[in-house]
Amino acid sequence: MGDKFKDKVVIVTGGSRGLGRAISVGFAREGAQVVVASRKIAACQEVVALIEKAGGIGMAHAAHMGEVADLDALIAAAYERFGRVDVLVNNAGINVALGPLSEITTTAFDKMVDVNLKGAWYLASRLAPRMGEHGGGCVINMLSVAALCTPAYSGIYAATKAALKALTEVMAQEWAPWNIRVNALAPGSYHSDLTDGAIAALPHYGEGMVTAALIPRIAETEEILNPVFYLASEAFTTGITLVADGGLMAKR
Ligand SMILES: NC(=O)c1ccc[n+]([C@@H]2O[C@H](COP(=O)([O-])OP(=O)(O)OC[C@H]3O[C@@H](n4cnc5c(N)ncnc54)[C@H](OP(=O)(O)O)[C@@H]3O)[C@@H](O)[C@H]2O)c1
């Protein structure tokens, strides 16, 4: 166990699987008290069990990012248990709108906006004033390099992430007076259910991911942890998008 984030309280949305799971376990390993949130409570409890087995402190909470009442309840539960929240990692994200724009349904569009954009905005914006009351904190919004390179056939995903990038910059400006730093992280491809599902849906997708980057492979979630830790540290950094893409943007 380390102590980089000793006694900090961290909420990780989408904390039950993929990158969110690595982030939850990683923060706990560094001494943080972690609220693991996603829709499925059993999956969150599994991560908390892992955390507790390693001697850490965690709490599982079920919340759908598209349901604002769930997000209010998530904030209330975190404050009830820990009395403060220092770091929000707005990590939950979906891509249920893969394919040509002309074929995307309005149902898929609305779901993407609800989970990737509205939920992230709502949770951060209701939490921020409370963070401000106890001296500040930090928010990390999970984007994707798709927000920067806007690839074909992933347009709605790219649009929701690009919009979240814009909101990150506005949040940073509006909440700096409350001592809240707000940054975004734009990972390239790493192995997760989301990536592996996309590869299965679009046969050449995985091959393209590998050849697109200077480091020609799909990363593991653990390789995205240090960038998250940097943004959660007391660094003199706010309003930026940190890219962790194996050189994908540099190769373009
Ligand atoms: N995978 C990549 O290569 C990649 C690259 C760049 C950026 N990203 C971004 O990184 C983040 C994490 O992606 P990932 O690939 O690690 O995801 P993942 O493995 O697909 O896991 C998604 C997580 O989000 C939760 N989730 C899904 N829908 C939700 C909803 N409506 N409300 C609340 N929680 C929900 C899931 O748990 P439940 O099912 O229990 O809700 C799960 O914990 C996303 O924002 C994604 O866009 C991923």
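Bear in mind these aren't lab numbers, they're just calculated from the coordinates by the rules spelled out. Quantities reported herein were computed from a predicted structural model and do not represent experimental measurements. Cβ sites come from the backbone with ideal geometry, for glycine too, and all protein chains shown count toward neighbours.
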Legend entry - Hits in segment 146-202 - residues which are of a type outside the set (Ser, Thr, Tyr), within 12 Å of the ligand (Cβ to nearest atom) and not in a helix (DSSP H, G or I): Pro151, Ala184, Leu185, Ala186, Pro187, Gly188, His191
Inset, instruction - Name the single residue, out of those in segment 34-44 being of a type in the set (Gly, Ala, Ser) and part of a helix (DSSP H, G or I), that is surrounded by the most Cβ atoms within 10 Å (Cβ to Cβ). - result: Ala43
Inset, instruction - Return yes when Arg84 is among the basic types (Lys, Arg) and either within 21 Å of Ala235 (Cα to Cα) or within 15 Å of the chain's Cα centre (by Cα) (or both) and no when it is not. - result: yes
Inset, instruction - Please verify whether segment 17-32 includes one or more residues that are assigned to a strand (DSSP E or B) and buried (at least 23 other Cβ atoms within 10 Å of the Cβ). - result: no
Inset, instruction - Could you tell me which numbered condition Asp70 fails, if it satisfies all but one of (1) without any contact (Cβ under 8 Å) to a residue 40 or more places away in the chain; (2) closer than 16 Å to Ala120 by Cβ; (3) in contact with a strand residue (DSSP E or B) (Cβ under 6 Å, 6 or more places away or on another chain); (4) not aromatic (Phe, Trp, Tyr)? - result: (3)
Inset, instruction - Output yes when any residue across segment 99-117 is in contact (Cβ under 8 Å) with a residue 12 or more places away in the chain, under 23 Å from Leu225 (Cβ atoms), touching a Cys at 6+ places or on another chain (Cβ under 7 Å) and surrounded by 18 or more Cβ atoms within 10 Å (Cβ to Cβ), and no when none is. - result: no
Inset, instruction - From Val47, Val85, Val96, grab the single residue that is in a loop (DSSP other than H, G, I, E, B), without any contact (Cβ under 8 Å) to a residue 40 or more places away in the chain and among the β-branched types (Val, Ile, Thr). - result: Val96
Legend entry - Yes/no for Val25 being out of contact with any His (no Cβ under 9 Å at 6 or more places or on another chain), of a type in the set (A, V, I, L, M, F, W, C), closer than 16 Å to Leu225 by Cβ and within 10 Å of the ligand (Cβ to nearest atom): no
